[in-house]
Structure formats: structure tokens, C-alpha cells
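Novice: Structure provided below as C-alpha cells; questions to follow.
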């Protein structure tokens, strides 16, 4: 069996009904030399039976007891046979030339470790939502974006292609950052190589009720705070506190949780969501949203969420960094 040029990593947990479109968009790629690793994470909705019924030699199906996304991603990295890893989600749709465009760029730019693309958001029915966001293209602009909490992560996880060896050398995906595991890995890759984003929208990114929840928003907020703290500590000391000083990392996570309560960041997140709803609503639901804000003035803290976030990150990182010697011996 020849070694594929790209391993497409597709975690699946109850992926129907969108899974069929996602798989078809990968198997229909113009680029021929790839393997599709479909890793079923304990699905109960028929996803496993659908995948088992596919007859394509490029498909490798793995069945696992449900463990969550991060263990599945690391399992996929370990099983992949290619040097390049393409991520794909079970509810998105890849452009037919996605793998071809990304492989060509990486082949011509060996210094690039991680490559993204622009994306077009779609709704549950596949209809376009909004316009394609303008994203930074060059390494320096991407890295700058990582430090701007008002800006989204420009490297959309299911649209990236990255070098497997570099990701493994950095430690792969880390369980300390649920819902934001990609942002942490991207920032570690940026320490040892270059990042780039293609201007073409090579993925249709589906937004629907099943993949955006308040619980995920709160998990994402705490994970992003942990990422900001850990990388601020590294910037100051050259120490990856997760791997070098797990005792101090435990203390940092506890301090983050305490300050999230003290600074009322959960209320601020809910307040920001309501304020966004008030701005974007078509007029039918805004009186109820406004009433909630008036009844619970604390939700107006959403107006200051970014300032509060930066205060928390600075305080925790400075407290932990003060207990560490400065060292630049380790690149991660």
C-alpha cells in the first residue's frame, strides 16, 4: 500500500444528517492521493452504519468508545500515515479543489507548518450566511491576531492543513483547552515555523443549533483565558508551564476560575450574547431581550468583557511568572 500525501482527519460523533455531505465532499476531491480517517467516537445515531456501508479504499474507519474530541484528534494523529494532516468536521463541506490547492502551497513552501483558508458560513439548510470574512494571510499578521481578544481565531480548524511531525513535536492537542484546543496548538506551531492563510474560501462552515451552545461558549471562554495565560507566561519566561511545572499550572487554572467569578465573566458573556441579539434581531424578539437586560443590570457587564478578560490574563500570568526562572532553552 502506497503512502498517501495527505491524511484527512474526520472525527464523528452523531454526525447525521450532515455527515453524508461532508464525506462526499472529501471523497470527491480532485486531489487523488489521500486517505480519509473517519474516527467514530461512540455514535448512536446511525453514523457508524453509514460509514461501514461505504466502499472506498481511501476510507479507514476506526470505532471508539466515546471519549471526546481531543482524545480522538490525538488518536488520529497517531494513526495517520501521511506527512500532511487535513482537518475536517462532520457537518461541513470541502471545496472540490481544497486538498489540491493546499497541497500545492505546502509543497512549494516547506517553511510553512500550518495552512488555513477563508471559509463561507452556511446555515443548517446549506444556505450562505453573510459574506466571506477577510482574514490575515501572512505569518506576522496571523500571530498578531492571536493576541487580540476582540478578533476570532483566523485559522478555522476544519479548514487547515498542517505538518504531522511538527504537531507531534509540539505535543499535539492538549486536554487543558476544551473547545479551543486548536488555538493552543496553532500558537505552539507559530513558535517553530510559519503560518499562512489562503485567500480562497475552500470550506463551507456550517452554523446550526447543534454546534453552538451556551455551555460551549463558557467552555471556550475559560479555555481561551487558559491559552492566553499559558502563552503570556511563555513569552515572559520561555517556560511551558503545562509541561515543566504542572503544580504551577494547576495553581494557574484555579486562579483563573476564581477570577472568572470575581470579575463576573460568566455574566459578562451572557450579557454580550444578549446585546448581540438586541443588535441583530429582526425586531420580533428584541423587547424580551431588552426586558431581560433591564431586570438584570449585571448582564450589562458584557460591555466590558474584553477589558475584564485582559485584567484576568495579566494578573494570573504575572503571578505565575514571578514564581518561575526565565529560560529560553526549550522551544515549546
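Novice: Cβ-Cβ under 8 Å, sequence separation 6+ or interchain: first residue in the stretch 246-272 and over 20 Å from residue 175 (Cα atoms), partner surrounded by fewer than 17 Cβ atoms within 10 Å (Cβ to Cβ) and modelled with pLDDT of 95 or more. Which pairs?
Specialist: 259/315
Novice: Any chance the stretch 127-138 includes a residue that's surrounded by 20 or more Cβ atoms within 10 Å (Cβ to Cβ) and not in a loop (DSSP other than H, G, I, E, B)? Give the derivation first.
Specialist: Initially, the stretch 127-138 is screened for residues surrounded by 20 or more Cβ atoms within 10 Å (Cβ to Cβ), giving 135.
This time we only want the ones that are not in a loop (DSSP other than H, G, I, E, B), so: none.
Within the stretch 127-138, not a single residue is surrounded by 20 or more Cβ atoms within 10 Å (Cβ to Cβ) and not in a loop (DSSP other than H, G, I, E, B).
Novice: Quick one: residue 247 ticks every box in (1) surrounded by 12 or more Cβ atoms within 10 Å (Cβ to Cβ); (2) more than 28 Å from residue 143 (Cβ to Cβ); (3) at pLDDT 95 or above bar one, so which box is it?
Specialist: Checking residue 247 against (1) surrounded by 12 or more Cβ atoms within 10 Å (Cβ to Cβ); (2) more than 28 Å from residue 143 (Cβ to Cβ); (3) at pLDDT 95 or above, the one that fails is (1).
Novice: Kindly check whether there is at least one residue in the stretch 187-204 that is in the same structural domain as residue 84 (by TED's automatic domain parsing), under 28 Å from residue 319 (Cβ atoms), in a loop (DSSP other than H, G, I, E, B) and under 13 Å from the mean Cα position of the chain (by Cα).
Specialist: no
Novice: Could you grab me the full set of residues in the stretch 22-47 that are assigned to a helix (DSSP H, G or I) and surrounded by fewer than 18 Cβ atoms within 10 Å (Cβ to Cβ)? I'd like the intermediate steps shown before the answer.
Specialist: First pass over the stretch 22-47, keeping only residues assigned to a helix (DSSP H, G or I): 22-27, 47.
Selection gives 24, 27.
Novice: Residues of the stretch 165-186 being more than 15 Å from the chain's Cα centre (by Cα) and either surrounded by fewer than 21 Cβ atoms within 10 Å (Cβ to Cβ) or on the phi > 0 side of the Ramachandran plot (or both), which ones? Full working, then the answer.
Specialist: Of the stretch 165-186, the ones more than 15 Å from the chain's Cα centre (by Cα) are 165-166, 168-171.
Answer for the stretch 165-186, where residues must be more than 15 Å from the chain's Cα centre (by Cα) and either surrounded by fewer than 21 Cβ atoms within 10 Å (Cβ to Cβ) or on the phi > 0 side of the Ramachandran plot (or both): 165, 166, 168, 169, 171.
Novice: Related question: For residue 110, work out the one condition from (1) within 20 Å of residue 191 (Cα to Cα); (2) in contact (Cβ under 8 Å) with a residue 24 or more places away in the chain it doesn't fulfil.
Specialist: Unmet for residue 110, out of (1) within 20 Å of residue 191 (Cα to Cα); (2) in contact (Cβ under 8 Å) with a residue 24 or more places away in the chain: (2).
The values are calculated or read from the model by the stated rules, or taken from the named source; none is laboratory data. Everything numeric in this text was worked out from a predicted model, so none of it was measured. Please note: Cβ atoms are built from the backbone with ideal geometry, for glycine as well, and neighbour counts cover all protein chains shown.
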